[in-house]
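Structure first, commentary second.
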Amino acid sequence: MGQPHDPRGNLVRPYAVTRGRTEPRREIPIEAVLVASQAAVQEARFAGHDKYRIAVLCEPKAQSLAEIAAYSRLPLGAARVLVADMVADGMLALHSAAPKEGFTERMDLLERVLSGLRKL
Amino acid sequence: MDFASSERAGAQPKEITSAKIVVAGGFGVGKTTLVGAVSEIEPLTTEAVMTSAGQGIDDASKVPGKETTTVAMDFGRITMAEDLILYLFGTPGQTRFWFMWDELIRGAVGAAVLVDTRRISDAFAPLDYFENRHLPYIVALNCFDGAPRYEPEEVREALAISPQVPLVMCDARQRDSVKQVLVSVVEHAMRTLVAEQGRGYPAPVG
């Protein structure tokens, strides 16, 4: 994956790619990651340039909404609308952000993150 | 979890969890440097565009007419395991963008407020913000070369940082130093969670 260009300066008509829609079909946290299968990439060929690029980006490795927006040079809100559409249409699998509830679940995650940091 | 769509998209073997840590602080304090010191990718920039018709603007008078405002956030990534990714998000520096901070801290593990000892008063606003939020945070003093050095306790007193908030020294350019900052954030989040549990917040099942 190449280094993206500086996205600043590419924000004219930020919601043109979503045909003016600014409300996503579902809320997606900025750090939630998305994955596309090879079959989904093929399907996305017919879904328009932006969605196809997003699918291609998410096929080799999981990418967060923030990464999708940055690499696609889309504002966060516009990327969220497209990604939410793609999740609804089965082109992207949405994985989970950190659990917000439950002592055990939250503590398990913190322990895994801590051990991951120590191994850096 | 949407099983239908994940089956269709599906060669991925297991659920991937992503977590985030927020790096806050005034403009130019070294947030992006800190993120870059440990990130496996060059820090990326994502932008949010706000219009005067948008929701969540803290003070609409600052966005007059139909102007749009672009808020940039830098972030990095650490893939910890096949099924665990940690993201580090730097907050926008200017205080007028605090509506964006609310989105960034939602669901975060914790935060580090980076303080430049040469411009200590820049830290008041970010510290005020976290004092009023339910998110564990620590303060990290970024010791630039030639910057005035203070004893941590002098800084704590000058910034009126409460005794429960950990305060660490760091060099945002050094990987090991930044790693230690992040370890401190997570350890503090664990202590906070245990303390909440002791005070009778929602109990674990089983």
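No lab work stands behind these numbers, since they all come straight from the coordinates. Here the structure is a predicted model, which means the values were calculated and not measured. Here the Cβ positions follow ideal geometry from the backbone for every residue, glycine too, while neighbour counts run over all protein chains shown.
What does the average come to when, for each residue of peptide B:183-193, you count the partner chain Cβ atoms lying within 10 Å of its Cβ?
Details: counts 5, 1, 4, 10, 3, 0, 6, 6, 0, 1, 4.
Other-chain Cβ atoms within 10 Å of each residue's Cβ, averaged: 4.
In whole Å and largest first, what semi-axes does the C-alpha gyration tensor of chain A yield when each eigenvalue is scaled by 5 and square-rooted?
Values: eigenvalues 149, 52, 48 Å².
Whole-Å semi-axes of the equivalent ellipsoid: 27, 16, 16.
Of A:PRO75, A:ALA97, A:ILE28, which is farthest on the positive side of the dipole of region A:26-120, counting Cα position, with +1 on Lys and Arg Cβ, -1 on Asp and Glu Cβ, and the Cα centre as origin?
Going by the charge dipole, the pick is A:PRO75.
Could the peptides A:18-30, A:59-71 be put in order, highest first, of the mean number of other beta-carbon atoms found within 10 Å of their residues? Let's see the in-between values first.
Working: A:18-30: 15.5, A:59-71: 22.5.
Final packing ranking: A:59-71, A:18-30.
Below 8 Å, C-alpha to C-alpha, sequence gap of six or more: please give me the relative contact order for chain A in percent. Don't skip to the end; give the middle numbers.
Values: 145 pairs, mean separation 38.7, N = 120.
About 32 percent, as a whole number.
Can you tell me what percent of all Cα-Cα pairs in region B:107-206 are more than 15 Å apart?
Of the Cα pairs, 63 percent sit more than 15 Å apart.
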